[in-house]
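One structure is given here, and the rest of the page talks about it.
Taken together, the values in this text are just the output of simple stated rules run on the coordinates, not laboratory data. Everything quoted here is computed from the prediction, not taken from an experiment. For neighbour counting, all protein chains shown are included, and Cβ atoms are generated from backbone atoms with ideal geometry for every residue, glycine included.
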Amino acid sequence: MGKIFTPNDNDFGITDAVVIGGGIVGTATAFWLSRAGLEVVLIEMRDGLSTLTTPASAECFRAQFTEPAMAALAIPSIEMFENFAEVIEIPDYNISIKQQGYLFLTDNAATVDDLKENVAQQHKLGVTDSTFLEVEEIHKRFPFVAPTVLAATFRQRDGWLSCHETTQGFAKGCDARFFINTRATGIQTDPKGVCSVETDRGILQTRTVINAAGPFAGDVGRMVGLELPLEPVRRQKVYVKTSVAIPADAPFTVDVNNNCYWRPEAGGVIIGWVDMDEPVSQPAERVPTDWEFPALTLDKVKRLTPFFEEIEKTVRQPDMDTSAGYYMYTPDDQPLIGPVPEVPGFYVNCGYWAGVMLSPQAGKWVSDLVTGAMDPKDNPLRPTRYKEGIGKKEGKTLMSH
């Protein structure tokens, strides 16, 4: 079982691999490296795992992707979520998974064909259980949807889970050591590549470093002289406590025309809005929220799910809790995974706006790349893809949710 603790001087020394960043992506990476037989240390600057951007997410997952690499990560990741206790080999371990589906809605005629094409592409990529829904079927299955809706896509096996329990499960299910309250301050290299990681508590000697530092991945890249193509963008969500009846069996519901979403949550509902005009910002541990964000988001979600009008009328400020984290965008809106040739031994697993949902398989990819089980050329998300001319943004209707 992994050990999570604040280290002292005696805990430092030589190790096979160091993972920087204790969110769900870094912890899944440490899990798979440990399972591959490596001695692994993960360092996390905060006082616990999964305490920064991971818990600020909507904790959701889906396989409805049109990009081949994203689907290749999502499909096996969901299978791991579905069988998580077996994956981590802890009987009856519960991550509170709810597979109530993912529903993408539109009332814009110009978007209908996009949704239809998305489903066709998903089927080509192996997501054969996603469906395109006509108006009559939408209202039959989801009577809470506004009459103006024109089309939707849906997949039942999509849903959400507890990020905290999932992260802790990855940590408990391996033999890695997890150093909390430990901040990376530098990475040293020699003619062979990476040779050590300096922290504010001691030095770890290693030939393998994985940058899974989430919004701070750019800072870690600069420790080895790299400017990674990463843009941190703040994203907010709101938990609304309400006595208004929420459809308890509703899916994660997205209005693709105004980039808002909602899903049921105990005692109320979680709502969010992906503001595409939110600027790139410098990441911080304490992420500010906007006082008007809940009202703006309520106004957006009521458009295609009008029961929110009643919530809007009755909700009070103390009933709303707004939190914020970061999405990390790359030039093609897909993560950076794998070795960086300029610095032997330095790997990246960062650049996520969908880190929770892709983390299990992404961590395994990194482990396979480190151990040689995966050829870097077979990794479509290698950080060299932009120089190779293959890292290009694709048209996406279902991005950032």
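Testing the spin-label approximation: label points 7 Å from Cα along Cα→Cβ at Thr148 and Ile90. State their distance in nm.
Inter-label distance under the simple model: 4.6 nm.
Around Thr199, under 11 Å between beta carbons, what's the net of Lys plus Arg minus Asp minus Glu among the other residues? Working shown, then result.
Values: positive: Arg183, Arg201; negative: Asp11, Glu44, Glu198, Asp200.
Its environment carries a net charge of -2.
Just to verify a number: FRET efficiency for Ala110 and Ser323, C-beta to C-beta distance, R0 = 51 Å, to 0.05?
Details: r = 33 Å, r/R0 = 0.66.
Rounded to the nearest 0.05, the efficiency is 0.95.
Can you list residues whose amide H is under 5 Å from Tyr326's amide H, if they're 5+ apart or on another chain and H is modeled 1.01 Å from N?
HN-HN under 5 Å from Tyr326: Arg235.
Looking only at Gly218, Gly272, Gly186, which one moves most when the chain is put into a Gaussian network model with springs between Cα atoms under 10 Å?
Result: Gly186 has the largest fluctuation of those listed.
Taking the Cα centroid of the stretch 1-36 and of the stretch 182-225, what is the distance between the two, rounded to the nearest whole Å?
About 13 Å separates the Cα centre of the stretch 1-36 from the one of the stretch 182-225.
Among Lys237, Lys387, Lys302, which one shows the biggest mean-square fluctuation in a GNM of the chain, springs joining Cα atoms closer than 10 Å?
With Cα springs under 10 Å in the chain, the top fluctuation among Lys237, Lys387, Lys302 is at Lys387.
Could you tell me how many degrees, from 0 to 90 and to the nearest 10, lie between the Cα long axis of helix 68-82 and the main elongation axis, the longest principal axis, of the Cα atoms of the chain?
Tilt relative to the chain: about 90 degrees.
Relative contact order of the stretch 245-401: what whole-number percent is it, with Cα pairs under 8 angstrom and at least 6 residues apart? Don't jump to the answer; show the numbers that get you there.
Details: 169 pairs, mean separation 27.7, N = 157.
Reported as a whole number, the value is 18 percent.
So what is the relative contact order of the chain, in percent, for Cα pairs below 8 Å that sit 6 or more residues apart?
On the way: 899 pairs, mean separation 95.6, N = 401.
Relative CO of the chain lands at 24 percent.
Pull up all non-local amide H partners of Thr182: gap of 5 or more, or a different chain, and H-to-H distance under 5 Å with H placed in the peptide plane.
Under 5 Å from the amide H of Thr182: Glu44, Met45, Arg46.
What is the distance in Å between the Cα centres of the stretch 295-320 and the stretch 355-376?
Computed from Cα coordinates, the inter-centre distance equals 40 Å.
Taking loop as defined by DSSP and a crowding limit of 11 other beta carbons within 10 Å, which chymotrypsin sites (Phe, Trp or Tyr not before Pro) in the stretch 261-356 fit? Please list the in-between numbers first.
Numbers: sites: Tyr261, Trp262, Trp273, Trp291, Phe307, Phe308, Tyr326, Tyr327, Tyr329, Phe346, Tyr347, Tyr352, Trp353; in loops: Trp291, Phe307, Tyr352, Trp353.
Listed in order of number, the matching sites are Trp291.
Which net charge results when you count Lys and Arg as +1 and Asp and Glu as -1 among the other residues whose beta-carbon is under 13 Å from that of Ala324? Each step should come with its number before you reach the end.
Values: positive: Arg234, Arg235, Lys237, Arg286; negative: Asp275, Glu278, Glu285, Asp290, Asp321.
Around Ala324, the surrounding residues sum to -1.
If you average the alpha carbon positions of the stretch 232-273 and of the stretch 115-160, how far apart do those two centres end up, in angstrom?
That distance is 18 Å.
Given H placed on each backbone N at 1.01 Å, which residues far from Leu103 in sequence or on other chains put an amide H within less than 5 Å of it?
The answer is Phe252, Thr253, Val254.
Within the stretch 72-152, report the GluC sites (Glu not before Pro) that DSSP leaves as loop and that have at most 14 other Cβ atoms within 10 Å. Display every interim value, and only then the final one.
On the way: sites: Glu79, Glu82, Glu86, Glu89, Glu117, Glu134, Glu136, Glu137; in loops: Glu89, Glu134.
For GluC sites (Glu not before Pro) across the stretch 72-152 that sit outside H, G, I, E and B with at most 14 neighbouring Cβ atoms in 10 Å, the list reads Glu89, Glu134.
Which one is right for this structure if Kirkwood radius over Cα pairs in Å is calculated from it: (i) 20.9; (ii) 21.6; (iii) 23.0?
For Kirkwood radius over Cα pairs in Å, the calculated option is (ii).
Could you calculate the contour length gain from Thr289 to Ala245, that is, 0.36 nm times the residue separation minus the distance between their Cα atoms, to one decimal place in nm? Display every interim value, and only then the final one.
Details: separation 44, 0.36 × 44 = 15.84 nm, distance 2.70 nm.
That works out to 13.1 nm of additional length.
Just to check I understand the Karplus step: with θ = phi - 60° and J = 6.51 cos²θ - 1.76 cosθ + 1.60, what whole-Hz values come out for the stretch 231-245, glycine and proline as x?
10, x, 10, 5, 10, 10, 9, 10, 9, 10, 7, 8, 8, 5, 5
Of Gly169, Gly101, Gly37, which is the most mobile in a GNM of the chain whose springs link Cα atoms less than 10 angstrom apart?
Of Gly169, Gly101, Gly37, the Gaussian network model singles out Gly37 as fluctuating most.
Where in the stretch 222-246 is the amide nitrogen less than 20 Å from a point lying 7 Å along the Cα-to-Cβ axis of Val280?
222-236
Spelling out what I want: for every residue of the stretch 336-351, take phi, set θ = phi - 60°, compute 6.51 cos²θ - 1.76 cosθ + 1.60 (Karplus), and round to whole Hz; glycine and proline get x.
Taking θ as phi minus 60°, the curve returns 9, 9, x, x, 9, x, 5, 10, x, x, 9, 10, 10, 9, 7, x Hz for the stretch 336-351.
What value, in deg cm²/dmol to 500, does the helix sum -39500 (n - 2.57) over DSSP H runs of n ≥ 4 give at 222 nm once divided by the residues of the chain?
-7500 deg cm²/dmol
Once you have the Cα-Cα distance between Thr185 and Lys140, take 0.36 nm times their residue separation minus that, and quote the gain in nm to one decimal. Before the final figure, lay out each step's value.
Details: separation 45, 0.36 × 45 = 16.20 nm, distance 5.65 nm.
Stretched fully, the Thr185-Lys140 segment lengthens by 10.6 nm.
Counting other Cβ atoms within 10 Å of each Cβ, which GluC sites (Glu not before Pro) in the stretch 235-300 have at most 16 and sit in a DSSP loop? The partial results should precede the final answer.
Details: sites: Glu265, Glu285, Glu292; in loops: Glu285, Glu292.
For GluC sites (Glu not before Pro) across the stretch 235-300 that sit outside H, G, I, E and B with at most 16 neighbouring Cβ atoms in 10 Å, the list reads Glu285, Glu292.
Run the simple label-point estimate for Ala266 and Ile203 please: 7 Å along Cα→C-beta, distance reported in nm.
That separation, rounded to one decimal, is 4.7 nm.
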